[in-house]
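In what follows, a structure is listed as structure tokens, so that the remarks can point back to it.
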Amino acid sequence: MYHQAVYDEPFIFEIRGRKTVKLPHENENFRLNIPEKMRRKSLNIGDREEFEVVRHFTRLSQMNFGVDLGFYPLGSCTMKYNPRLNEEIASYPGFRDIHPLQDEDDVQGALRLMYELGEDLKKITGMDAITLQPLAGSQGEFTGLSIVRAYFENRGELDQRTEVVVPDSAHGSNPASANMAGFKAIEIKSNKDGKVDFEEFKKYITKNTAAFMITNPNTLGIFEDNIKQMADYAHEMGALVYYDGANLNGIMGKTSPGKMGFDIVHLNLHKTFSTPHGGGGPGAGPVAVKEHLKDFLPVPIVTYEGGKYHLNYNVPKTIGKVANFYGNFSILVRAWAYIKLHGEEGLREACERAVLNSNYMSYKISKIMPVPGYRIKKHEFVASSHDEEGKLPKASDIAKHLINNGVHAPTIYFPLIVPEALMIEPTESATKEEMDRFIEILKDAINTPKEQLEKEPTNLKVGRIDDVDASRNPRPTYRVLMKANSKN
Amino acid sequence: MDNINDILKEMGLNSIDDLFSDIPPNLKISSMGLDAGLSEDEVRRKAMEYASMNKTITQYHSFLGFGAYNHYVPAIISAIISRGEFLTAYTPYQAEISQGIMQALWEYQSLMAELLDMDAVNSSNYDVSTALGEAIRMAVNITDKNEVLIPKFTHPFKKSVARLYARGSNINLVEYPFDESGKIDLEFLKNNVNENTAAVYVEYPNMFGIIDENVAAVKEIIGDQRIMIAGVNPIALGILTPPGELGADIAIGDGQVFGLGLNFGGPMLGIFGTRMEYIRKMPGKIMGVTKDSNGKLAFAMILQTREQHIRRERAVTNMTSNMGLMAVASAIYVSLLGESGLKKLGEINMGLTNNLIERIKDFGIDMPFQGSPVFNEFYMKLKVSKTYLNLAARKSRVIPGAILGQEFGFDTRKEVNMITNVTERNTKEDFDAFMEFLGKVI
Ligand SMILES: Cc1ncc(COP(=O)(O)O)c(C=O)c1O
């Protein structure tokens, strides 16, 4: 049986002791001329010994779950194994201790690596130009859609082209990014197969459409086989076509966004290219475009000219900058290492195995609960724990049963178009044994009485959490918690 | 046994290709055109070769800051954040199995709340530039007005990002000047805050490193119906009055200084805090304290109805992934230094900077805002060309600072406008080399 480590770990504020860390120049005396109004009177975070800090955070880490601990089929997140080689390389002083404003001559190795990564990503996506600057997938979307905006502004069509069309199965960040870039998001209904219907699609694409935005395979793991037709039609209507690259793992080496007719692509290096997600981030969201959009990319772009690599600010119609400097460089290093390690064959095999695993699981799971949509899936699929008789447990209860048994739960309640959705993405980093075990736990959840499921989890640091109270009475910080406690 | 053919057979398939029959033949590619894969050791050697083509900052007497700072990185940070339980986790969507990172992130929020004097802090934005972009959008969202004032002298990269975020939301950014001492021109503010003004963005230390006490007068000028956004260098908050106490409604900063290192400029960390009354308009994931079914203390992600996965187009932001691990790293850093360490560190940075300025004084160099107190950066004008300066700097193995250029209308062929940064990592040898270099260019 699975048991997570359980410590009654105090808040860091309650761990107090001597400051042991030694700073350079610690014993020198300085003259300070801080204006009176600007001089801090107090800071209440306490001091503590170094070993106490290490113990505290180590114990916290043990009450957490990652790919290094077990199966993590969190749909849409591509939680594949993160090679440790990536970590080693990112820590080399030659990559770690360089400043973004150093002279170009001093950072040729870094620029070379970025250039190579960009070239490889262009090949993988079938696109013509790239920026590595966006700091995550969603920021890639904002960057890409800002490029769309600049493109139509440049053509004098922005007043007319105000809409971004997205399927109702799209990730929430798609419509949110459209809004942030100044567009109105229009949702198009998926058909009963979970795809965008071409005839329906044509009704939505008008002279007001700036872009059609979609991920393919879509969020149900189904390949939209009309994609080229849709892209061609959108182009005929003067619109651009945007590819959400979160699902690239399902097609890598088999087809490419460029081939499918897309103008703009963002990638999530923390998904397809194995960089660790760190419990939230950092990720990286490079954006690749076709030739006609390359003059709009953020600055600087990395170029190679005259035998040297450059940070080139000479991009005629650039949208400007999207981040402090040039992107999450140390994440780029990791993705570079992953691509070099795998190469042409290895990347294609990763995709094949991911798709095989997903189809195997969907085949087996379809025997115990509905799996809406086509039979052939790509790298992920969506099961629905919703039946007419109401015999199946709720998706959230199934999730708790899974984590209670030491495997991570799928993404639940997304995509929104499937009731009680369980979005399962095994990735290539799963053995048959692991998948079979997951399926056994799933069956077990179905056979467990509802009252008992609702009591789970029982093997973890805490039991079922009260989300409603958490948000009704927000206690986001220690100081707010202390104030709330003193009132009670 | 884990065998591909067994799996295929169980499904009644013959080959992997069957699984790709849903992709129309005209869309298939036979090759991506990539090189063949390498062994682990070959990749390592290639990486070592590229890394060795870079000259690290430690090979110089470096005074380069201006947005990325060469601060000391404690050894325990990488030891803890490279633990697989943290490193290889996703965003804690399943709270019960993710209490460890949720507590760490909540403690990050709590530590930043103390530093900023803000009750609500999110579990990170991407970096300070994007945090500024989001803060501007948030202020407009709160006030329903659409003009935001920002200093003309804002880091050009940060300003460019803010402009892009503003453009998408049809927000008008208006630039305001500094007075002759390099501080906010309060008269200008008084005359230019009007019925359209949603917010004023202030910085301390500002782009020239100045600890601008005029910041303390801004909230009164703009009033309660407008938002004061304060940008701070978090490492200065060991000794400087926190933004909350100075009247800020939103406080932002870059946590790169808290033990993240340089990494050629990324990842960094957008610190973002606000007053409790505005928490529902704040972007980003927020951890909160609650109870489990047994009444035991637990952590949960709160106020998710603000976010894209629920609110979609009307979400407060599109941000999904963030900088979680960097937030944990800076929580470790701040815990380790503690209140006395952060105070000491602030004093060291400011004190060393003052020492260097003191030594330079005798040279009679043009330092436009001399006399205004600075934290760990200061501004000089040198009457030489950039090319000449770089040559002299190289000879002394000094990187004397960051050079401001065209974006502010400076012609680097005639004079150099430079921001010089001093941190606790600078040594006596660095200072001597800097003086030697200055002697050459004057
Ligand atoms: C389909 C899809 N699109 C976009 C995103 C956003 O990516 P990120 O989390 O890197 O911002 C995600 C992941 O969260 C996703 O699954």
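The values are calculated or read from the model by the stated rules, or taken from the named source; none is laboratory data. The structure presented is a predicted model; accordingly, all values stated were derived computationally and were not measured. In this analysis, Cβ positions are derived from the backbone assuming ideal geometry, glycine residues included, and neighbour counts consider all displayed protein chains. In case anyone asks, the SASA skips ligands and DNA or RNA and just uses the protein heavy atoms, side chains included. Shrake-Rupley method; radii C 1.70, N 1.55, O 1.52, S 1.80 Å.
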Are there any pairs, at least 6 apart or on different chains, whose C-beta atoms fall under 6 Å, with the first in the stretch A:239-261 and free of Cβ contacts under 8 Å to residues at least 12 places away in the same chain and the second in a helix (DSSP H, G or I), and if so, which? A:THR255/B:LEU27
Would a scan of the stretch A:50-65 turn up a residue that is facing chain B (nearest Cβ under 7 Å) and within 30 Å of A:GLY258 (Cα to Cα)? no
Against the condition more than 7 Å from every other protein chain (Cβ to nearest Cβ), within 16 Å of the ligand (Cβ to nearest atom) and surrounded by fewer than 24 Cβ atoms within 10 Å (Cβ to Cβ), how does A:ASP103 come out, does it pass? no
For A:GLY238, state whether it is assigned by TED's automatic domain parsing to the domain that holds A:HIS171 and open to solvent by less than 10 Å² (accessible area, probe 1.4 Å). no
Being in the same structural domain as A:LEU117 (by TED's automatic domain parsing) and under 30 Å from A:GLU87 (Cβ atoms) narrows it down to one residue among A:ALA354, A:ALA399, A:ALA337; which is it? A:ALA337
Within the stretch A:303-316, can one find any residue that is more than 14 Å from the ligand (Cβ to nearest atom) and hydrophobic (A, V, I, L, M, F, W, C)? yes
If we keep only residues of the stretch A:262-286 that are farther than 24 Å from A:ARG84 by Cβ and either in a strand (DSSP E or B) or among the β-branched types (Val, Ile, Thr) (or both), then the residue farthest from the ligand (Cβ to nearest atom) is A:ILE264
Given B:PHE375, B:PHE408, which one is buried (at least 22 other Cβ atoms within 10 Å of the Cβ), of a type in the set (Phe, Trp, Tyr) and outside the structural domain of B:VAL215 (by TED's automatic domain parsing)? B:PHE375
Output for the stretch B:384-403, where each listed residue is open to solvent by less than 60 Å² (accessible area, probe 1.4 Å) and more than 17 Å from B:SER62 (Cβ to Cβ): B:VAL384, B:SER385
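Listed here are the residues, each with its yes/no results for (1) outside the structural domain of B:ASN421 (by TED's automatic domain parsing); (2) within 20 Å of the chain's Cα centre (by Cα); (3) hydrophobic (A, V, I, L, M, F, W, C).
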{"site": "B:ALA315", "(1), (2), (3)": "yes, no, yes"}
{"site": "B:SER321", "(1), (2), (3)": "yes, yes, no"}
{"site": "B:ALA329", "(1), (2), (3)": "yes, yes, yes"}
{"site": "B:LYS344", "(1), (2), (3)": "no, no, no"}
{"site": "B:ASN349", "(1), (2), (3)": "no, yes, no"}
{"site": "B:THR353", "(1), (2), (3)": "no, no, no"}
Is it the case that some residue within the stretch B:308-316 is at pLDDT 95 or above and either of a type in the set (Phe, Trp, Tyr) or within 16 Å of the ligand (Cβ to nearest atom) (or both)? no
Which condition does B:PRO151 not pass, out of (1) open to solvent by 10 Å² or more (accessible area, probe 1.4 Å); (2) more than 7 Å from chain A (Cβ to nearest Cβ); (3) of a type outside the set (D, E, K, R); (4) within 19 Å of the chain's Cα centre (by Cα), if it passes all the others? (1)
Inspect the stretch A:287-298 for any residue being within 16 Å of the ligand (Cβ to nearest atom), in a loop (DSSP other than H, G, I, E, B) and under 21 Å from the mean Cα position of the chain (by Cα) and give the result as yes or no. no
Which condition number in (1) farther than 21 Å from A:ASN208 by Cα; (2) among the small types (Gly, Ala, Ser); (3) open to solvent by 10 Å² or more (accessible area, probe 1.4 Å) is the one that A:GLY253 fails? (3)
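Results for (1) of a type in the set (A, V, I, L, M); (2) modelled with pLDDT under 95; (3) outside the structural domain of A:ALA383 (by TED's automatic domain parsing); (4) within 30 Å of B:ALA120 (Cα to Cα), shown as yes or no for each residue.
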site	(1), (2), (3), (4)
A:ASP436	no, no, no, no
A:GLU440	no, no, no, no
A:LYS443	no, no, no, no
A:PRO449	no, no, no, no
A:GLN452	no, no, no, no
A:PRO457	no, no, no, yes
A:VAL462	yes, no, no, yes
A:LEU481	yes, no, yes, yes
A:SER486	no, yes, yes, yes
If we scan the stretch B:216-230, do we find a residue that is within 18 Å of the chain's Cα centre (by Cα), within 30 Å of A:ASP106 (Cα to Cα) and more than 8 Å from chain A (Cβ to nearest Cβ)? no
Determine if the stretch A:322-339 includes at least one residue that is open to solvent by 10 Å² or more (accessible area, probe 1.4 Å), farther than 30 Å from B:TRP106 by Cα, in contact with a helix residue (DSSP H, G or I) (Cβ under 9 Å, 6 or more places away or on another chain) and among the β-branched types (Val, Ile, Thr). no
Is it the case that A:ILE339 is within 13 Å of another protein chain (Cβ to nearest Cβ), in contact (Cβ under 8 Å) with a residue 40 or more places away in the chain and part of a loop (DSSP other than H, G, I, E, B)? no
Can you find a residue in the stretch B:82-94 that is small (Gly, Ala, Ser) and surrounded by fewer than 24 Cβ atoms within 10 Å (Cβ to Cβ)? yes
Within the stretch A:226-233, is even one residue buried (at least 24 other Cβ atoms within 10 Å of the Cβ) and within 16 Å of the ligand (Cβ to nearest atom)? yes
When you check B:THR387 against the structure, is it touching a helix residue (DSSP H, G or I) at 6+ places or on another chain (Cβ under 7 Å) and at pLDDT below 95, yes or no? no
If we keep only residues of the stretch B:411-442 that are touching a residue at least 12 places away in the same chain (Cβ under 8 Å) and farther than 22 Å from B:ARG359 by Cα, then the residue surrounded by the most Cβ atoms within 10 Å (Cβ to Cβ) is B:THR412
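Yes/no per residue for (1) facing another protein chain (nearest Cβ under 8 Å); (2) in contact with a His (Cβ under 6 Å, 6 or more places away or on another chain):
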{"site": "A:MET237", "(1), (2)": "no, no"}
{"site": "A:ILE251", "(1), (2)": "yes, no"}
{"site": "A:MET260", "(1), (2)": "yes, no"}
{"site": "A:SER274", "(1), (2)": "no, no"}
{"site": "A:GLY279", "(1), (2)": "yes, no"}
{"site": "A:GLY283", "(1), (2)": "yes, yes"}
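Per-residue answers, yes or no, for (1) small (Gly, Ala, Ser); (2) open to solvent by less than 10 Å² (accessible area, probe 1.4 Å); (3) away from the ligand (no atom under 16 Å from the Cβ):
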| position | (1), (2), (3) |
| --- | --- |
| A:GLY66 | yes, yes, yes |
| A:LEU69 | no, no, yes |
| A:LEU85 | no, yes, yes |
| A:PRO93 | no, no, yes |
Taking the stretch B:122-140, which residues are part of a helix (DSSP H, G or I) and either in contact with a Gly (Cβ under 6 Å, 6 or more places away or on another chain) or under 17 Å from B:ALA251 (Cβ atoms) (or both)? B:VAL128, B:SER129, B:THR130, B:ALA131, B:LEU132, B:GLY133, B:GLU134, B:ALA135, B:ILE136, B:ARG137, B:MET138, B:ALA139
The correct count of residues that are surrounded by 13 or more Cβ atoms within 10 Å (Cβ to Cβ) and part of a loop (DSSP other than H, G, I, E, B) in the stretch A:463-488 is 8
